[in-house]
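Nothing in this text is a laboratory measurement; each read-out follows from the coordinates by a stated rule. Because the structure is predicted, anything quoted here is derived from the model rather than measured. So basically every Cβ, Gly included, is an ideal-geometry build from the backbone, and we count neighbours across all protein chains shown.
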Amino acid sequence: MDHEKVNILLVDDQPAKLLAYEVILKELGENLVIASSGREALEVLLKTEIAVILVDVCMPELDGFELAAMIREHPRFQKTAMIFISAIQVSDIDRLRGYEMGAVDYVPVPVVPEVLRAKIKVFAELYRKTRELERLNRELEDRVRARTAELENSTAKLRESEQRRSMAIAAGKMGSWDWDWISGDWMWDEGQYRIFGVSPESFAVNPANVQALLHPDDVDQLRKAVAEFNKGTRAYETEFRILRPDGEVRWCVGTAAATVDDSSRVVRVSGVTVDITERKRAEERQNLLAREVDHRAKNALALAQSIVRLTRADEIKAYVNAVEGRINALARVHTILSLSSWQGAELSRLIDEELAPYSLGGQIVLAGPKVQLLPTTAQTLALALHELFTNSAKYGALSTRSGRLAIGWQVEDQLLTLSWEESGGPLVMPPKSRGFGTRSLLASVESQLGGQAQFDWRAEGLLCRLEVPLKRTTAATAPGKFDAASAAELQRASG
């Protein structure tokens, strides 16, 4: 549905970041206003009505906290929503400071586009609906003053206006309510019933029934609101959870305002409820993603540490080349997994990434179906393939133009069987002892993946067969975890 655009102010001293925010927020269809400094932002605010301010915490001259403090000092902007973006680790003290300065939310860098859009959209919609309500209320007041003689007609128009207001509120996942403080009567609109998951036909709106729908840990919020109004408070806002009859928990933010009589006694309380469940869930997903990234990074570092510690070479240059090759292989598979949000990696993509540095033309033949590997399997198998390609390029079929390599794979009963067959290269002599690459390949495939690796050093070329379970049935090694047992196995492999 078409609606009037609102202005969103983006404040950052880095043009590249401003451009990124514009790209992310473009699809919201709002007016994006740019400011490259705190002072420029203040100039914009004095000339333009702004719904939401997205501001970087770290800026020269005026940082985000100082800018927020100056904005809040102006009466016009005391209710303007401000969201801080921080590229540094934000402490609890910094968050408290930000909220004291008027921030409504924090967004860490790197920014998740879906999360940023969702946060901006909520406050833009709230701003738009609030302005719509103000406009409708002004219209109602004008009509009542101008048409007191036409009581019946003005009453009908008031009812029509209320219906439009309810529709606008419901469209923004909002509901409105009214509480007669003297008689105790409640009035809910359709949006309010929808948020609480009840129907007007079966639910009687009264304090006892409403309290029964509140989450047990948030019941005190209602009592506190009542106490505040009794003490003379005219407006109150809080977040709370509701427990719908079907068992679903929803997060809401409620805003209430009191109406008083000539003796300053509260006679009526009216309010708006906004369903912010999706925002809360987005925040939970963001926190989960942050913990997952931390977990993956620690595992990758542990694996890299083992590579550095266990690699053996007779001279520094050979050692550096070996370590760089293995870490680059790990980096390549990490990139593939990142692009899939760590859901997994396709086997042929891993092989293509390892092939890329060699430019071997038609020397290699690949044959096999699409196989999606779990992150743990992909990481370990990528390092195993790297060792095979490295050894072949140094000593085997890929060391000469006449050499040929056939790689085939198949899956049966969740068991991946991969064959590596070299031919046409230098005459192969069975090694007197296994090198580190071969021993680490055996250890990683067998210990990490619970599979098997077999080598046949034929005179015409190496024949290797890897059998890898696609789903682990033992709890020896948790998915995505390079544990002490695996490191010990590689230590034994290194001799």
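Mind ordering 237-248, 41-52, 18-29 by average Cβ neighbours within 10 Å, highest first? Present the calculation step by step, with values, prior to reporting the outcome.
Working: 237-248: 13.5, 41-52: 16.8, 18-29: 15.2.
For the peptides 237-248, 41-52, 18-29, the packing ranking is 41-52, 18-29, 237-248.
To the nearest 0.05, how large is the calculated FRET efficiency for residue 471 and residue 76 if R₀ is 45 Å and r is the Cβ-Cβ distance? Could the numbers behind the result be given before it?
On the way: r = 61 Å, r/R0 = 1.35.
E(calc), rounded to 0.05, equals 0.15.
Tell me, what is the FRET efficiency for residue 141 and residue 23 to the nearest 0.05, using R0 = 56 angstrom and their Cβ-Cβ distance as r?
0.85
Cα-Cα over 19 Å: which of 79/280; 5/129; 119/280; 5/47; 5/26?
Over 19 Å Cα-Cα: 79/280.
Give the peptides 450-461, 200-211 in descending order of average Cβ contacts within 10 Å, highest first.
450-461, 200-211
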